[in-house]
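Remarks on the structure that follows.
All of the numbers you see were taken from the coordinates with simple rules; none came from a lab. The shown structure was predicted, so the numbers you read here are calculated from the model rather than taken from an experiment. Note that each Cβ is placed from the backbone with ideal geometry, even for glycine, and that neighbours are counted across all protein chains shown.
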Amino acid sequence: MLQKTITVVIDQNGNSSVDLEGFAGQGCDKVLKDFQGDDRAGVQRKKAAFYSKTGDSRDQYLKSGQ
Amino acid sequence: MSAYGEFETIMQEERFLVEGLTAMGYKVEVQAAGAALVGYHGDERTETAHVIIRRAQLDSASNDIGFVRGADGHFRAILSEYDRSIGYNEQWLGKVHQHYKESQTMAAAKSKGYIFRRKEVIQTSNGPQIQLQFVAR
């Protein structure tokens, strides 16, 4: 099983970026929220693996429909 | 890879501000009701603050540096023109925010059950960046 890692980089002005690896689906949003704290959110984007769970479900649905 | 987010640090929690300043080597005075800042002549100034670095820890001609909690709950720094000119400027405030965010991140991760893996300080052309890595249970 792929390890779920969170990398937080805090720059010289104290602003941060949070990079998630090994997470899929809506769990990402919760983890980002955990590390956001009281901070103001800027750029946020989902990466390829986020969509993998959705893709799996669709594959399963198509298979079961055969 | 699954998600990426960027956040602007807002200093709202006194304990992380105190921890951050302490990590930078300052002895900090916390005044719940606020206290007057002292100028370089030893005179009490009109400005008050809730978190104070007394001038004895700064330059011989420095004034106290204060952090006052505003109506919005955010801390803002009170820095004299002289102190800004000798290095207690925006760059220094950036370091304060950086240490604040490190303390806040460590506390948030612990309270939410994430496991701390490692810390690295990466030197960049803009200054040092702190990299913290955690794993989810």
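Points worth noting:
- Cα-based helix-to-principal-axis angle, B:90-112 vs chain B, degrees rounded to 10: 50 degrees
- Extension gain (nm, one decimal) between residue B:123 and residue B:82, 0.36 nm per residue minus Cα-Cα: 11.9 nm
- Here the gap between residue B:44 and residue B:60, fully extended at 0.36 nm per residue and compared with their Cα-Cα distance, gives a gain of 4.1 nm.
- In this structure, residue A:2 and residue A:41 have a Cβ-Cβ separation that, at R0 = 30 Å, corresponds to a calculated FRET efficiency of about 0.70.
- With a Förster radius of 22 Å applied to the C-beta separation of residue A:30 and residue B:15, the computed FRET efficiency comes to 0.35.
- Computed over chain B, the range of Cα coordinates on each principal axis works out to 56, 35, 23 Å, biggest value leading.
- Taking N as its residue count, the alpha carbon Rg of the protein assembly as shown over 2.2 N^0.38 Å: 1.28
- Normalised by the number of residues in chain B, the mean separation of alpha-carbon contacts (under 8 Å, six or more apart) gives a relative contact order of 19 percent.
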